[in-house]
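First the structure, in the form of structure tokens, and then the observations on it.
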Amino acid sequence: MKFIDLFAGAGGLSEGFTRAGFSAIAHVESDKAACFTLKTRQAYHWLKNNDSLNVYKYYLINKITRYELYQTIPEKEYNSVIHASISKNTLNNIFSKIDNLLNSEKLDVIIGGPPCQAYSLIGRARKNVLYDDRNELYIYYAAFLKRYKPKYFVFENVVGLLSAKDINGILYFDKMKKLFAQLGYEVSYKILSAYDYGVLQNRKRVIVIGKYGLKSIISFPDKKEHYLNIKVWDLFSDLPNIQAGEGSVKTQIKTKKDNCFLQDIGIKDDLPITWHQARPNSQQDLTIYHHVVDLWNKSKTRLKYADLPSILQTHKSKKSFNDRFKIVAGDLPFSHTIMAHLSKDGHYYIHPDIKQNRSITPREAARIQSFPDNYYFESTTERPSRSSVFKQIGNAVPVLFAESIATHLLRYF
């Protein structure tokens with residue numbers, strides 16, 4: 001069952017579908033760093049399927065370069081990642097590349113969700129958001145449906161999609177459904193929480209599933225039973241203790257102990273762990289972090305910015321974003337939502353161990369998003385960029401969430 005992933009990002013949705021047994025024909029993504037991440041993941045899957053994972057391991061421990069890694073895989077795997085912004089001017093070129101990759105075979109599924117500032121409740125507060133061209137990207141998504149007529153499509157987006165309106169006050173979602181219906185697709189949609197599908201994160205998204213042809217109701221995956229007594233700390237507990245500014249991107253990191261839970265859900269394996277590197281912080285930030293974690297440990301209370309000692313309050317506004325410093329509580333069954341803001345600072349994602357006194361690392365954020373440890377996140381050059389990686393992780397669809405949707409969709413084939 002072949003699929004293409006539009007607005008693919010770092011590939012969380014695609015990874016879930018691949019794990020469920022689907023085969024990726026193409027990924028279309030505008031961010032250059034994310035494209036390298038997708039290419040590296042394609043290399044991983046090809047090498048794994050051809051019993052050559054030792055080559056991938058050499059890359060993770062810096063024995064070979066990224067270029068040398070890509071040289072080991074077929075050109076078709078490398079070319080399946082299309083670096084392009086989807087627009088009126090690029091559609092024909094993208095279609096041509098996908099046509100070549102399909103080689104006259106039938107496409108079964110299109111997945112992906114376009115970014116849109118107007119859909120997000122936070123994004124709507126920004127100036128000129130109603131005039132943002134990204135608001136109409138769903139039209140180009142529909143153009144792929146019109147050309148390839150897959151049996152199904154899976155459209156993922158923020159919950160705000162259901163209430164977002166255009167400049168004329170018309171709901172974007174109503175416009176989408178009308179357009180999809182004109183192309184022959186009956187759609188079902190539902191707000192799902194990633195936590196209900198094995199992800200230790202309170203992340204809610206709208207999932208739209210379209211079926212081509214006859215009208216029929218499409219169901220959604222049943223909630224999964226959770227592992228007994230598993231908490232967020234179980235995602236972190238085997239990683240080496242590090243302080244702010246410590247850690248490494250690509251070295252042979254040894255975990256402290258076996259973690260059956262992480263192995264069972266497909267996060268941990270025998271390959272080296274990457275991106276366990278904490279960002280550096282000022283002494284003032286670290287002092288605030290200590291206050292945040294100490295308060296949670298003593299009373300299970302989240303610190304409000306206005307309650308900090310006055311000497312630590314440097315922001316003029318004490319009412320808005322009063323929770324700008326927040327612990328990722330290790331003793332809760334799920335974390336708050338991982339977002340791309342992690343690329344700017346880690347104040348909203350403070351590590352639960354007061355002795356480490358830092359914000360979470362990219363690897364810890366990736367584990368919250370249920371990415372396997374062998375998933376390597378790239379930068380635009382071979383010089384690692386922590387900010388770029390945090391952005392990719394924050395924007396991604398959790399892998400276990402995507403896998404549950406993909407596995408459920410299999411029943412319709």
Single condition Leu6 does not satisfy, out of (1) touching a residue at least 12 places away in the same chain (Cβ under 8 Å); (2) out of contact with any Gly (no Cβ under 6 Å at 6 or more places or on another chain): (2)
Quick check: is even one residue across segment 291-308 surrounded by 15 or more Cβ atoms within 10 Å (Cβ to Cβ), over 21 Å from Ser388 (Cα atoms) and β-branched (Val, Ile, Thr)? yes
Answer from Leu38, Leu47 - the residue that is modelled with pLDDT of 95 or more and out of contact with any strand residue (DSSP E or B) (no Cβ under 8 Å at 6 or more places or on another chain): Leu47
Restrict the check to segment 209-228 and report whether at least one residue is surrounded by 11 or more Cβ atoms within 10 Å (Cβ to Cβ), aliphatic (A, V, I, L, M), at pLDDT below 95 and farther than 15 Å from Tyr375 by Cα. yes
Over segment 336-371, the set of residues part of a loop (DSSP other than H, G, I, E, B), small (Gly, Ala, Ser) and closer than 13 Å to Ser387 by Cα is Gly346
Of all the residues that make up segment 277-287, how many are within 12 Å of Gly346 (Cα to Cα) and assigned to a helix (DSSP H, G or I)? 2
Confirm whether Lys298 is among the basic types (Lys, Arg) and farther than 30 Å from Gly198 by Cβ. yes
Which pairs do you get when a residue that is without any contact (Cβ under 8 Å) to a residue 40 or more places away in the chain, found in segment 85-100, comes within reach of a residue that is surrounded by 13 or more Cβ atoms within 10 Å (Cβ to Cβ) and assigned to a loop (DSSP other than H, G, I, E, B), reach meaning Cβ atoms under 6 angstrom, with the pair 6+ apart or on two chains? Thr90/Ala84
Could you check segment 36-58 and list, in sequence order, the residues that are farther than 21 Å from Ile253 by Cβ and surrounded by fewer than 17 Cβ atoms within 10 Å (Cβ to Cβ)? Asn49, Asn50, Asp51, Ser52
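For the subset of segment 349-398 comprising residues that are acidic (Asp, Glu), at pLDDT 95 or above and out of contact with any Ser or Thr (no Cβ under 6 Å at 6 or more places or on another chain), which member is farthest from Trp275 (Cα to Cα)?
First, pick out the residues of segment 349-398 that are acidic (Asp, Glu): 353, 364, 373, 378, 382.
Next, only the ones that are at pLDDT 95 or above stay: 353, 364, 373, 378.
Then drop every residue that is not out of contact with any Ser or Thr (no Cβ under 6 Å at 6 or more places or on another chain), which leaves 353, 364, 373.
Values: Asp353: 19, Glu364: 9, Asp373: 9 Å.
Once the filter is applied, the top-ranked residue is Asp353.
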Got a sec? Which of Thr255, Thr274, Thr287 is surrounded by 13 or more Cβ atoms within 10 Å (Cβ to Cβ), closer than 30 Å to Leu53 by Cβ, hydroxyl-bearing (Ser, Thr, Tyr) and at pLDDT 90 or above? Thr274
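From the list Ser248, Ser219, which one is polar (S, T, N, Q) and in contact (Cβ under 8 Å) with a residue 60 or more places away in the chain? I'd like the intermediate steps shown before the answer.
On the way: Ser248 fails: in contact (Cβ under 8 Å) with a residue 60 or more places away in the chain.
Of Ser248, Ser219, the one residue that is polar (S, T, N, Q) and in contact (Cβ under 8 Å) with a residue 60 or more places away in the chain is Ser219.
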Out of everything in segment 342-364 that is in contact with a Gly (Cβ under 7 Å, 6 or more places away or on another chain) and closer than 18 Å to Asn202 by Cα, what residue ends up being surrounded by the fewest Cβ atoms within 10 Å (Cβ to Cβ)? Pro352
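For segment 72-84, what are the residues that are surrounded by fewer than 17 Cβ atoms within 10 Å (Cβ to Cβ) and modelled with pLDDT of 95 or more?
The answer is His83, Ala84.
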For the subset of segment 154-202 comprising residues that are free of Cβ contacts under 8 Å to residues at least 60 places away in the same chain and at positive phi, which member is surrounded by the fewest Cβ atoms within 10 Å (Cβ to Cβ)? Gly169
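Given segment 1-118, what strands (runs of 3 or more DSSP E) lie entirely inside it while holding 3 or more residues that are within 26 Å of Ile207 (Cβ to Cβ)?
Values: elements: 2-6, 23-29, 81-83, 109-112.
So the answer is 2-6, 23-29, 109-112.
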Every residue in segment 149-171 that is in contact with a strand residue (DSSP E or B) (Cβ under 7 Å, 6 or more places away or on another chain) and hydroxyl-bearing (Ser, Thr, Tyr), please. Tyr152
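Which of the residues that make up segment 365-376 are buried (at least 23 other Cβ atoms within 10 Å of the Cβ) and either of a type in the set (Lys, Arg) or touching a residue at least 40 places away in the same chain (Cβ under 8 Å) (or both)? Show your work before the answer.
Let us first name the residues in segment 365-376 that are buried (at least 23 other Cβ atoms within 10 Å of the Cβ), namely 365-371, 373, 375-376.
Selection gives Ala366, Arg367, Ile368, Gln369, Ser370, Phe371, Asp373, Tyr375, Tyr376.
The values are calculated or read from the model by the stated rules, or taken from the named source; none is laboratory data. Please read these numbers as outputs of a predicted model, since none were measured by experiment. Counting neighbours? That spans all protein chains shown, and the Cβs are built from the backbone with ideal geometry, glycine included.
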